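K.L.:
After the structure tokens below, expect a handful of questions from me.
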Amino acid sequence: MNLLLTNDDGIDAPGLAILERIVSHRGAITIVAPVEEQSGVGHRVTDKALIAVHARDDSSFAVAGTPADCARLGLLELARGATWLLSGINPGGNLGSDIYMSGTVAAAREAALLGIPAVAVSQYRAVRNGLLDWERSAAWTTRVLQHLWETPLKRGEFWNVNLPDPVDAVTEPEIVFCPVDPGHHAVAFERRESGWIYRGQYRERHREPGSDVDVCFAGNIAVSRVGPVV
């Protein structure tokens, strides 16, 4: 198995290091990740400017571009022969409509469009600025991947995984396969002298029963099969 790893938080992000560690036994790994944080850029790609690439070693490349750029460059040039792409682990949820804004998810989507199976992994935080238990995230991601390696995907599909942040840190969460919530964020804005500032509350967003938002907020691991772009 040849694995391409990327993210939207930058090549030095702790979540990427955790992801590399837990899959190191699965086969050859190539990291192609942004030089700097690219959160929230969605599926933006660089097609009218030079994309600078710095090779840190033979299997690690820092890219002055977006997560989708990293997926494209990795699969087509820097990590040819990769059989899976893994994106994450993102510090924060990518649930429901987040999949359209998230760079983490965009990298997985780009791989799927190129015919390569992919997984985007995110760690939801109940408290925005709360500390993450990365070792817990590592254990849960390992559990999920054991299921997903053997689960076939159709061309154009990919997995979107969201790890919970339960109040009860002792109980082991269930892995729940669920659809993506079709609802919107709880959007609100606050007027300032020079414009408007976003003030939506993530926890107060739409919560369709049985959807990824509902599953993750309830303390379980939400795994969604995202269909091909049509």
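Coordinate-derived values only; no laboratory data. Here the structure is a predicted model, which is why all the values come from computation and not from measurement. In this analysis, Cβ positions are derived from the backbone assuming ideal geometry, glycine residues included, and neighbour counts consider all displayed protein chains.
K.L.:
Label points 7 Å out from Cα along the Cβ direction at residue 127 and residue 203: separation in nm?
P.N.:
Spacing of the two 7 Å Cα→Cβ label points: 1.0 nm.
K.L.:
For a quick check, take a GNM of the chain with Cα springs below 10 Å and name the residue from 189, 177, 61 with the largest mean-square fluctuation.
P.N.:
Looking only at 189, 177, 61, the largest GNM fluctuation is found for 189.
K.L.:
Follow-up question, since we're still on this one. What FRET efficiency do you get for residue 25 and residue 57 if R0 is 22 Å and r is their Cβ-Cβ distance, rounded to the nearest 0.05?
P.N.:
0.70
K.L.:
Please list, ordered by chain and number, the residues whose modelled amide H lies under 5 Å from the amide H of residue 38; skip anything fewer than 5 residues away on the same chain.
P.N.:
Counting only residues 5 or more places away or on other chains, the set is 9, 10.
K.L.:
Now, a different point. Among DSSP beta bridges whose residues both lie in the chain, state the antiparallel percentage, nearest 5.
P.N.:
Of the beta bridges lying entirely in the chain, close to 35 percent run antiparallel.
K.L.:
Let me see the pair-distance distribution of the stretch 141-199: every alpha carbon pair, 10 Å bin width, integer percents in order.
P.N.:
14, 31, 25, 19, 10, 1
K.L.:
How far apart, in nm, are two points set 7 Å out from the Cα along the Cα-to-Cβ line at residue 135 and at residue 194?
P.N.:
For the pair residue 135/residue 194, the computed spacing is 4.5 nm.
K.L.:
Put +1 on the Cβ of each Lys and Arg and -1 on the Cβ of each Asp and Glu in the chain; which of 18, 59, 45 then has its Cα farthest toward the positive end of the dipole?
P.N.:
45
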